[in-house]
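Take a look at the structure below.
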Amino acid sequence: MAAEILAARYRAIWISDIHLGTKGCNAAFLLEFLRTTECDTLYLVGDIIDGWRLKRGWYWPQDHNDVVQKLLRKARKGTRVIYVPGNHDEFARGYLGNSFGAVEVVDEAIHMTPDGRKLLTTHGDQFDGVVCYARWLAVLGDHAYTAALVVNHRFNQVRRRLGYPYWSLSAYLKHKVKNAVKFIGEYEGAVMDAARQRGMDGVVCGHIHHAELRDVDGFLYANCGDWVESCTALVEHHDGRMEILYWTDMVANGLSMAEAASCAS
């Protein structure tokens, strides 16, 4: 289908938390998204490869390799690809300032909007107290999260057999848990406060697998989500408008990227 439709073009795209190397990664969805979009700048906002999980056992199917090759191909063909490592791919932080296959590896990036606003782009794990001060607890939580994703995968296998579209059980449960909602709010506040103190007009982050786009007293907060649960991306149109795209919803509605872009115009 992707070869038959015109790719949607954006000024910038942000994607994060792909977690290549895990069974929870929705690489097939991401490949279709990458095949049907083009942009001037593509930001990879951390946890692209899950080094934590790969240390425990190797898992690397062909479609995960295809995602890497697609990203490298975009960089070779003129898209500026900026990679901001996260905590799960922290190994890449040892290569800050280098470029690999035309992919720039940086600790953070500042994106300039068409109207001159400065948006800090960071993975955001440094604002997560559990990751910073209790790594053992973060790893323990990662094991529990992995188990939830296994259940989620099997749950969606049954849904597909019954003709229903993808639906994230783990995301639903997370938003229903009071402590998770409290954590998300505290995280968002910490990220915004840090960016404001540096004179930024907004911040784009990932890490918590919770896509969000909103204006807070003139300050832009954006989280580009993930490709494990919600399958989302943040995009900037050429006129500066920002939007979160929900790929699984678009698939369920039979809407192509080009059609989505025209609807948003």
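Values quoted throughout were computed directly from the atomic coordinates according to the rules given, and no laboratory measurement underlies them. All figures in this text were calculated on a predicted structure; none of them were measured in a lab. Neighbour counts are summed over all protein chains in view; Cβ atoms, including those assigned to glycine, are modelled from backbone coordinates with ideal geometry.
Values computed for the structure shown
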{"quantity": "For THR121, distant residues with modelled amide H under 5 Å away", "calculated": "ALA109, ILE110, HIS111, VAL204"}
{"quantity": "Above-threshold pairs, the threshold being 28 Å between Cα atoms, out of LYS23/LYS118; LYS23/LYS74; LYS55/LYS118", "calculated": "LYS23/LYS118; LYS55/LYS118"}
{"quantity": "In order through region 222-237: 3J(HN,Hα) via Karplus (6.51 cos²θ - 1.76 cosθ + 1.60), integer Hz, x for Gly, Pro", "calculated": "9, 10, 7, x, 6, 10, 10, 9, 8, 6, 10, 9, 9, 10, 10, 6"}
{"quantity": "Highest average packing first - 80-87, 238-245, 52-59, 15-22, Cβ atoms within 10 Å", "calculated": "15-22, 80-87, 238-245, 52-59"}
{"quantity": "Cross-link reach list, aspartates and glutamates versus LYS70, counting only Cα pairs under 16 Å and skipping chain neighbours closer than eight places", "calculated": "GLU32, GLU38, ASP40, GLU104"}
